[in-house]
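Bear in mind that the values in this text are calculations on the coordinates, not laboratory data. Keep in mind that this is a model prediction, so the values were computed, not measured. Cβ atoms come from the backbone with ideal geometry, glycine included; neighbour counts cover every protein chain shown.
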Amino acid sequence: MSLYCGIALKRKCLWCYRLLSTYVAKTRYLFELKEDDDACKKAQQTGAFYLFHGLAPLLRTAEHQYLVPRLSLLELERLLGKFGQDAQKIEDSVLIGCSDQHEAWFALDLGLNSSSSICASLPKPEMETELRGSFIELRKALFKLNSMDSSLLFTAQALLRWHDSHQFCSRSGQPTKKNVAGSKRVCPSNKIIYYPQVSV
């Protein structure tokens, strides 16, 4: 009996260790992407993009639930080109997480006008037709999403909203510039760094 309990305890400890080491590896990888612009640009090449329009995520209906489509960088560039936009719009994307295999996830709002981008917002009905989905208000879709998707989309929405409302320095009034990951904004005139609020 004690041998069986010892084996079970060892397996449980090994499972906890693997879970913890995966969490630590993901956290380190995300920290690297947030601090190193070149690493973040490289991660965009193989990452996935979640699209929003006016802070409403793109969703597809499947039976009694919503699915969240993800686009690769190439698909996103093709889509922007089809609507007469250049790839500069991708600079407005923000890092929202990563998978266990270190595939970076980004969110991009196609309906917000950013001070860093000269691109105008893209037309919502045409985008929905092209993407075979709908931009649905997140609160309305909450109970038809799985928990991982809803958590990720709420994080993305909060970060996109923060960037939309903090485009100017509160001290100088000058436009702020976001880093590639979207983890901070910097005022070029007085070097003040603004970080999104983290609620616990």
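Roughly how many whole Å is it from the C-alpha centroid of the range 121-200 to that of the range 70-109?
Between the Cα centres of the range 121-200 and the range 70-109 lies a distance of 13 Å.
Starting from the exponent 0.38 and prefactor 2.2 Å, build the expected Rg for the range 123-200 from its residue count and divide its actual Cα Rg by it.
Cα-based Rg divided by the globular estimate yields 1.40.
What pairs from Lys26/Lys191; Lys42/Lys89; Lys42/Lys191; Lys89/Lys124; Lys41/Lys89; Lys41/Lys178 go past 19 Å between their alpha carbons?
Lys26/Lys191; Lys42/Lys191, as the Cα separations exceed 19 Å there.
Would you mind working out the magnitude of the charge dipole of the range 89-200 relative to its Cα centre, with +1 at each Lys and Arg C-beta and -1 at each Asp and Glu C-beta, to the nearest 20 Debye?
With only Lys, Arg, Asp and Glu charged at Cβ, the dipole is about 520 debye.
Would you work out if the range 23-178 is rounded, prolate or oblate? Take a ≥ b ≥ c from the square roots of the eigenvalues of the alpha-carbon gyration tensor; rounded if a/c is under 1.5, else prolate when a/b is larger than b/c, oblate otherwise.
Taking the square roots of the gyration eigenvalues as a ≥ b ≥ c, the range 23-178 is rounded.
Mind checking the range 119-173 for GluC sites (Glu not before Pro) that DSSP puts in a loop (not H, G, I, E or B) and that have at most 14 other Cβ atoms within 10 Å?
Glu137
In the range 63-105, which GluC sites (Glu not before Pro) are in a loop and have at most 11 other Cβ atoms within 10 Å, using DSSP for the loop call?
Sparse-neighbourhood loop GluC sites (Glu not before Pro): Glu63.
Ordered by packing density, taken as the mean number of other Cβ atoms within 10 Å over each peptide's residues, highest first, how do 170-176, 65-71, 45-51, 31-37 rank?
45-51, 65-71, 31-37, 170-176
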